[in-house]
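J.: Just dropping this structure here.
None of the figures in this text is laboratory data; all of them are computed from the coordinates on show. Computed from a prediction, not measured in an experiment: that's the story for all the values here. Neighbour counts are summed over all protein chains in view; Cβ atoms, including those assigned to glycine, are modelled from backbone coordinates with ideal geometry.
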Amino acid sequence: MRGLDTLIRLHRTRVDEKRREIAALERFVAELQGEVARLDANLIGEQEIAKTSESGGYAYGNFALASIDRRRKLMASVAEVEGRIQVAKDGLHEAFKELKRHEIVRASRAQRTKMQAERRTQSRLDDISLEIHRRRMG
């Protein structure tokens, strides 16, 4: 059972690592989405400035093109990281299945060991009872 306990600890560690990896990737996606939101807010702010200022109107076009390009790149990064999250979730699912498989084997071995011990105990009690019965009868 010691080897099985070691395997369970190993798989539990892998599951924890996968969970941490997924959490880090999800935080990164949130940061990227926050950056997209800030870009959108800046774009709206610059539109307002461009409406009120003649010189701002000339500069707005280049700013808008750069912002749109940056937003496109950020959204591509979000999509890429979300793909990595899905791969990590699949890995987590597999690691969790392996962990559960080993935990089930350990539980069934423990149950089998317990049943064998109970049978040995019952057999001893039966022998004692039989011996007591023989002595009384005879």
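J.: If a residue must be farther than 19 Å from residue 6 by Cα, exposed (fewer than 13 other Cβ atoms within 10 Å of the Cβ) and either touching a Cys at 6+ places or on another chain (Cβ under 9 Å) or of a type outside the set (D, E, K, R) (or both), how many such residues does segment 88-110 contain?
T.: 1
J.: Could you list all residues from segment 6-30 that are of a type in the set (D, E, K, R) and under 15 Å from residue 86 (Cβ atoms)?
T.: Narrowing segment 6-30 to residues of a type in the set (D, E, K, R): 9, 12, 14, 16-21, 26-27.
The answer is 18, 19, 21, 26.
J.: Here's a check for you: in segment 1-22, which residue that is exposed (fewer than 12 other Cβ atoms within 10 Å of the Cβ) and either in contact (Cβ under 8 Å) with a residue 60 or more places away in the chain or hydrophobic (A, V, I, L, M, F, W, C) (or both) is nearest to residue 89 (Cα to Cα)?
T.: This residue is 5.
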